[in-house]
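Below: the structure, in structure tokens.
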Amino acid sequence: MRGTAGIIAGLALFGLAGCDEHGVATGAPLAGGATAVATLHTADGGEVGRATATEVAGGLRITIDTHGMPPGTHGAHIHTVGHCDAPDFATAGGHWNPTGMKHGSMNPQGPHEGDMPNLVIGTDGRGAIGATIPGATMAGLLDADGSAIVVHANQDDLMTDPSGNSGARIACGIFGAS
């Protein structure tokens, strides 16, 4: 149930009520929309989930499904570089931020395009979130150096630049076209 609440909160944060230039609601599925997938791994190489980016009307829909993760609330972000070198995944760079905004959906000068709602992991090690990022494109996500999805050790406060005080990077996956 907590995962469902996180999904609903994420949808509210990213305002799916808007429409694109063709009058289609932002977030509506697109026939033939491109998809990119990232398999999440821990620093020791264990597979702990998957993130999927799908082109939708007016942006990208990002979903994350995890298993075998530590229970609790974790920041999750899209990072600028498609590298996930252990042990700290620093090679993923900073948050994906092509528009130069501040961090967080609660920040009046935010959010980055790479900011996601918090990922809530249950006692069974499973969690899921989904959010639509208005204005984001697959071309931007899969640019020359790629991008990565990163899960952090702590909860994102959704406001503090640059990463919401979300702590160490505990899982990482590289997006690739599918």
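Structure data summary
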| item | result |
| --- | --- |
| Subset of the range 135-165 (residues that are open to solvent by 50 Å² or more (accessible area, probe 1.4 Å) and either acidic (D, E) or outside any loop (DSSP other than H, G, I, E, B) (or both)) | A139, D143, D145, D157, D161 |
| Residue within the range 88-104 that is of a type in the set (A, V, I, L, M, F, W, C), over 12 Å from V150 (Cβ atoms) and without any contact (Cβ under 8 Å) to a residue 40 or more places away in the chain present | yes |
| Positions within the range 41-58 being of a type in the set (D, E, K, R) and surrounded by fewer than 18 Cβ atoms within 10 Å (Cβ to Cβ), in sequence order | D44, E47, R50 |
| Residue count for the range 61-113, restricted to those that are more than 21 Å from A177 (Cβ to Cβ) and either of a type outside the set (A, V, I, L, M) or open to solvent by 20 Å² or more (accessible area, probe 1.4 Å) (or both) | 32 |
| Conditions (1) in contact with a Lys or Arg (Cβ under 7 Å, 6 or more places away or on another chain); (2) assigned to a loop (DSSP other than H, G, I, E, B); number of the one not met by T132 | (2) |
| Scope the range 78-115; condition in contact with a Phe, Trp or Tyr (Cβ under 8 Å, 6 or more places away or on another chain), at pLDDT below 90 and more than 19 Å from T132 (Cβ to Cβ); matching residues | none |
| Candidate set from the range 11-27 (those that are touching a strand residue (DSSP E or B) at 6+ places or on another chain (Cβ under 6 Å) and in a loop (DSSP other than H, G, I, E, B)); member that is modelled with the lowest pLDDT | L16 |
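The values are calculated or read from the model by the stated rules, or taken from the named source; none is laboratory data. The structure presented is a predicted model; accordingly, all values stated were derived computationally and were not measured. All Cβ positions, glycine included, derive from the backbone under ideal geometry; neighbour counts span all protein chains shown. SASA here: full protein model, heavy atoms, side chains in, ligands and nucleic acids out. Shrake-Rupley method; radii C 1.70, N 1.55, O 1.52, S 1.80 Å.
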